Amino acid sequence: MNAKTQQVMFSSKNDDWTTPKAFFEKLDKIFGPFTLDPCCDSATSLTKHYFTEQQDGLSQDWSGHNVFMNPPYSRGELKRWIRKAYEESQKRNTLVVALIPSRTDTKYWHEYVMKARHILFVKGRIKFGDGANSAPFPSVVVVFDSNYTGMYPTICSLEP
């Protein structure tokens, strides 16, 4: 991958990629109802309960919630959020659904994502928020579930 491609795929002017409401509603029908968004702000939250950046969702307890998260996508931040999602999902009656870039070559992918109950590769590219164009990267929905005891995740694709 050349330097220009890496710059586009692994950095942005900000970490906010607002979840398309219709896509969220589709996930909410399948895995919800979602009760917590741990990484948003009051303008972008799609759940009743949420944590803003100032409240620091990484330091909060998510236990007992059906969590939806679309975390910050920068490399260092994303790894921290995926680790937190996995750890919280090990608590009783806790489900965490994460919309993230599909970066199957990363260390966090193999340490945490491969322990998920479901890995749903999104067909095509998602158009986030009010963006004029679709994302420059593929996306995936990862489902961590405290009630899952299997060895291998279900892997399939999902229409955006």
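The values are calculated or read from the model by the stated rules, or taken from the named source; none is laboratory data. Just so you know, these numbers come straight off a predicted model, no measurement behind them. Backbone-built Cβ (ideal geometry, glycine too); neighbour counts: all protein chains shown.
Here is a yes/no grid of residues against (1) part of a helix (DSSP H, G or I); (2) within 16 Å of Thr19 (Cβ to Cβ); (3) touching a residue at least 40 places away in the same chain (Cβ under 8 Å); (4) hydroxyl-bearing (Ser, Thr, Tyr):
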residue: Thr104; (1), (2), (3), (4): no, no, no, yes
residue: Tyr108; (1), (2), (3), (4): yes, no, no, yes
residue: Ile119; (1), (2), (3), (4): no, no, no, no
residue: Gly131; (1), (2), (3), (4): no, yes, no, no
In segment 34-91, what residues are of a type in the set (Gly, Ala, Ser) and closer than 25 Å to His110 by Cα?
Gly57, Ser59, Ser63, Ser74, Gly76, Ala85, Ser89
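The rows are residues; the columns are (1) part of a loop (DSSP other than H, G, I, E, B); (2) touching a Pro at 6+ places or on another chain (Cβ under 6 Å); (3) modelled with pLDDT of 95 or more.
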| site | (1), (2), (3) |
| --- | --- |
| Lys4 | no, no, no |
| Thr19 | yes, no, no |
| Phe34 | yes, no, yes |
| Arg80 | no, no, yes |
| Ala98 | no, no, yes |
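Is there a residue in segment 41-60 that is in contact with a strand residue (DSSP E or B) (Cβ under 6 Å, 6 or more places away or on another chain), at pLDDT below 90 and buried (at least 17 other Cβ atoms within 10 Å of the Cβ)? Steps first, please.
Keep residues of segment 41-60 that are in contact with a strand residue (DSSP E or B) (Cβ under 6 Å, 6 or more places away or on another chain), which gives 45, 47, 49-50.
Right, trim to at pLDDT below 90 and you get 45.
Still in the list and also buried (at least 17 other Cβ atoms within 10 Å of the Cβ): 45.
Yes, segment 41-60 contains a residue that is in contact with a strand residue (DSSP E or B) (Cβ under 6 Å, 6 or more places away or on another chain), at pLDDT below 90 and buried (at least 17 other Cβ atoms within 10 Å of the Cβ).
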Take Gly32 and decide whether it is of a type in the set (Gly, Ala, Ser) and closer than 16 Å to Asp145 by Cα.
yes
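Taking only segment 133-147 into account, find how many residues are part of a loop (DSSP other than H, G, I, E, B) and either without any contact (Cβ under 8 Å) to a residue 40 or more places away in the chain or among the polar types (S, T, N, Q) (or both).
Let us first name the residues in segment 133-147 that are part of a loop (DSSP other than H, G, I, E, B), namely 133-138, 146-147.
Narrowing the set further to residues that are either without any contact (Cβ under 8 Å) to a residue 40 or more places away in the chain or among the polar types (S, T, N, Q) (or both) leaves 133-134, 138, 146-147.
Looking only at that region, the number is 5.
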Top-ranked residue of segment 85-99 - restricted to ones that are of a type in the set (Val, Ile, Thr) and out of contact with any Leu (no Cβ under 7 Å at 6 or more places or on another chain), ranked as farthest from Ser63 (Cα to Cα)
Val96
